[in-house]
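Asker: Starting off with a structure, shown below.
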Amino acid sequence: MMKLVEDADSVELKLTVPTAAHRSAVQALDLDPLEAQIRQVYFFDTPDLTLNKAGVVVRARRVQGKGEDSVVKLRPVVPEQVPSGLRKLPEFVIEVDAMPGGYVCSGSLKGVVKPGTVREAVRGQQPLRKVFSKEQRQFYAEHAPEGVGLDDLAVLGPIFVLKLKSSPGNLGRKLVTEMWLYPDGSRILELSTKCLTTEAFQVAAEGRAFLTERGIDLGGEQQTKTRKALEFFSKELQANAAT
């Protein structure tokens with residue numbers, strides 16, 4: 001992990017809070033839900049998650065007050081094996097996501113999407129590839145399984161997300177809180193903060209102390225927002241196909 005952190009662009013420290021502790025965590029952190037930003041998140045994959053099995057994640061978002069964006073992500077990646085030309089692109093970022101009990105290094109090629117494009121694409125009003133830039137489409141073609149084109153992918157979503165940024169005084173840095181609301185009524189509450197690679201372990205220790213002081217449970221089972229979303233919609237798509 002230390003080698004990955006050294007060669008990455010940034011580190012994001014994450015913690016998912018057990019469902020039973022969601023309300024108490026929001027109160028302990030003095031968060032105001034009315035200040036949260038509304039987001040719609042869509043994933044794209046085959047019904048049996050062929051891309052996910054190959055380590056490729058394709059996603060698009062509609063963000064309240066900010067517009068739309070997309071990303072083609074590869075994980076895991078080894079930073080030193082990424083082509084220099086790709087590393088030089090300002091839209092490409094290598095980040096280590098770390099949470100209690102695990103970590104993963106990913107490479108993401110991001111893009112800004114013309115307003116309205118995501119909604120039209122998920123409705124089938126224009127090809128899915130229009131959501132992604134030329135560089136993203138090339139990146140996808142280089143890493144996706146053979147025979148699985150962007151326009152062949154199914155829509156997995158949307159997921160309704162509330163995102164809130166706060167700056168707790170005792171923490172001394174920004175804390176991001178995301179509530180992912182799934183169609184079956186389940187939810188994930190994730191706390192995160194980003195930091196430079198050189199300060200990752202110090203920030204992790206400070207964050208742990210800060211959350212412990214506020215009674216936040218650090219020992220709960222950790223959940224991945226993306227994995228839960230993909231698995232939920234995959235089951236739904238396959239069930240619909242069987243009927």
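Readers should treat all values here as calculations from the given coordinates under stated rules, not as data from a laboratory. A quick note: this is a predicted structure, and the numbers were derived from the prediction, not measured. Here the Cβ is made from the backbone with ideal geometry for all residues, glycine too, and neighbour counts use every protein chain on show.
Asker: When only residues in the stretch 165-176 that are assigned to a loop (DSSP other than H, G, I, E, B) and of a type outside the set (A, V, I, L, M) count, which is nearest to GLY55 (Cα to Cα)? Walk me through how you get there before you give the answer.
Answerer: Pass one, the stretch 165-176, residues assigned to a loop (DSSP other than H, G, I, E, B): 167-174.
Within this subset, residues satisfying the condition of being of a type outside the set (A, V, I, L, M) are 167-170, 172-174.
Details: SER167: 34, PRO168: 35, GLY169: 38, ASN170: 38, GLY172: 35, ARG173: 32, LYS174: 30 Å.
Ranking the qualifying residues of the stretch 165-176, first place goes to LYS174.
Asker: Something else about it: For the stretch 137-150, which residues satisfy the criterion of being of a type in the set (A, V, I, L, M) and assigned to a loop (DSSP other than H, G, I, E, B)?
Answerer: So the first thing to find is which residues in the stretch 137-150 are of a type in the set (A, V, I, L, M), and the list is 141, 144, 148, 150.
Within the stretch 137-150, ALA144, VAL148 qualify.
Asker: Within the stretch 102-122, which residues are under 24 Å from GLN223 (Cα atoms) and β-branched (Val, Ile, Thr)?
Answerer: Across the stretch 102-122, the qualifying residue is only VAL104.
Asker: Still on this structure, I have one more. Just one of LEU237, LEU162, LEU211 is in contact with a Pro (Cβ under 8 Å, 6 or more places away or on another chain), of a type outside the set (Ser, Thr, Tyr) and in a helix (DSSP H, G or I); which is it?
Answerer: Working: LEU162 fails: in a helix (DSSP H, G or I); LEU211 fails: in contact with a Pro (Cβ under 8 Å, 6 or more places away or on another chain).
Matching residue, one of LEU237, LEU162, LEU211: LEU237.
Asker: Quick check on ALA200: is it of a type in the set (Gly, Ala, Ser) and in contact with a helix residue (DSSP H, G or I) (Cβ under 6 Å, 6 or more places away or on another chain)? If you could, list the steps in order and put the result at the bottom.
Answerer: On the way: of a type in the set (Gly, Ala, Ser): yes; in contact with a helix residue (DSSP H, G or I) (Cβ under 6 Å, 6 or more places away or on another chain): yes.
So ALA200 passes the test.
Asker: Out of everything in the stretch 2-41 that is part of a strand (DSSP E or B) and touching a Ser or Thr at 6+ places or on another chain (Cβ under 6 Å), what residue ends up being surrounded by the fewest Cβ atoms within 10 Å (Cβ to Cβ)?
Answerer: From the stretch 2-41, those part of a strand (DSSP E or B) are 10-17, 37-41; that's our starting set.
Of the ones still in play, those that are also touching a Ser or Thr at 6+ places or on another chain (Cβ under 6 Å) are 11-14.
Working: VAL11: 25, GLU12: 17, LEU13: 21, LYS14: 20.
Per the stated criteria, the residue is GLU12.
Asker: Out of LYS73, LYS134, LYS114, LYS88, report the one residue that is surrounded by fewer than 15 Cβ atoms within 10 Å (Cβ to Cβ), among the basic types (Lys, Arg) and in contact (Cβ under 8 Å) with a residue 24 or more places away in the chain.
Answerer: Details: LYS73 fails: surrounded by fewer than 15 Cβ atoms within 10 Å (Cβ to Cβ); LYS134 fails: in contact (Cβ under 8 Å) with a residue 24 or more places away in the chain; LYS88 fails: in contact (Cβ under 8 Å) with a residue 24 or more places away in the chain.
Only one candidate passes the filter, namely LYS114.
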